[in-house]
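Trainee: Would you mind keeping the following structure in view while I ask a few things?
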Amino acid sequence: MLAVWGTSGNGDAQFNDPTSVAVDPATNRIYVADPRNRRIQVFDSNGKFLTKWPVPEWGQPYGFEDLAIDSKTGRLYASSANMNTLLVFDLNGNRIGSLTPNPPNELDGPSALALANGKLYVLNMGSNRVIAIDLGTILRLTWLS
């Protein structure tokens, strides 16, 4: 069966240049990066709109935003080539912090994300390299109060 949803625009279940889709395997919820509308939209597996989360740092006319879900820890990681940090959310849309790698590594236009074996792999567009962040030994996760 093929399911299709969404139209162009800024309302619920509408997109303006979406850049990424991620699925939580524990709940089958689908998360869509909708950066020009400065948000992440959440859908059920049939495409029914559930909610949206604001991402005020997004909205630039160029760039690449990506999402990665760690269902074991209940976190969603969001990138943007227009900022040099990763945003961290819980799976209910609460922003819980931001993530930068330990020095001397740095994020330089982080774009694509992949999560495997406790590591978050980040493609850096600005420096043409990949950084592997061991999520078990993060020392620079800045929590929001």
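Trainee: Would you please name the residue that is nearest to SER80 (Cα to Cα), looking only at residues in region 25-66 that are touching a Leu at 6+ places or on another chain (Cβ under 9 Å) and among the small types (Gly, Ala, Ser)?
Mentor: That would be ALA33.
Trainee: Residues of region 54-78 being in contact (Cβ under 8 Å) with a residue 40 or more places away in the chain, open to solvent by 10 Å² or more (accessible area, probe 1.4 Å) and not aliphatic (A, V, I, L, M), which ones?
Mentor: The answer is GLY63, PHE64, ASP66, ASP70, SER71, THR73.
Trainee: Does THR27 satisfy the criteria of being touching a Ser or Thr at 6+ places or on another chain (Cβ under 9 Å) and farther than 14 Å from LEU67 by Cα? Before you say what the answer is, go through the steps one by one.
Mentor: On the way: touching a Ser or Thr at 6+ places or on another chain (Cβ under 9 Å): yes; farther than 14 Å from LEU67 by Cα: yes.
Yes; evaluated as a whole, the condition is true for this residue.
Trainee: Scanning region 98-145 for residues that are open to solvent by less than 60 Å² (accessible area, probe 1.4 Å) and in contact with a helix residue (DSSP H, G or I) (Cβ under 7 Å, 6 or more places away or on another chain), which turns out modelled with the highest pLDDT?
Mentor: Among residues in region 98-145 that are open to solvent by less than 60 Å² (accessible area, probe 1.4 Å) and in contact with a helix residue (DSSP H, G or I) (Cβ under 7 Å, 6 or more places away or on another chain), the one modelled with the highest pLDDT is LEU120.
Trainee: Something else now. If THR19 satisfies all but one of (1) within 12 Å of the chain's Cα centre (by Cα); (2) at pLDDT 95 or above, what's the number of the condition it fails?
Mentor: (2)
Trainee: List the number of the failed condition for ILE69; all other conditions in (1) in contact with a Phe, Trp or Tyr (Cβ under 8 Å, 6 or more places away or on another chain); (2) under 18 Å from PHE89 (Cα atoms); (3) at pLDDT below 95 hold.
Mentor: (3) is the only condition that ILE69 fails.
Trainee: I'm checking my understanding of the structure. Among residues of region 32-51 that are free of Cβ contacts under 8 Å to residues at least 24 places away in the same chain and within 11 Å of GLY93 (Cβ to Cβ), which one is least open to solvent (accessible area, probe 1.4 Å)?
Mentor: Filtering first and then ranking leaves ARG39.
Trainee: Right, next: Select from region 1-31 the residues that are under 17 Å from ARG75 (Cβ atoms) and open to solvent by less than 70 Å² (accessible area, probe 1.4 Å) and list them in ascending order.
Mentor: Matches in region 1-31: SER20, ALA22, ASP24, ILE30, TYR31.
The values are calculated or read from the model by the stated rules, or taken from the named source; none is laboratory data. The shown structure was predicted, so the numbers you read here are calculated from the model rather than taken from an experiment. Neighbour counts run over all protein chains shown; Cβ positions are idealised from the backbone, glycine included. Keep in mind that these areas ignore ligands, DNA and RNA; they rest on the heavy atoms of the full protein, side chains included. Shrake-Rupley method; radii C 1.70, N 1.55, O 1.52, S 1.80 Å.
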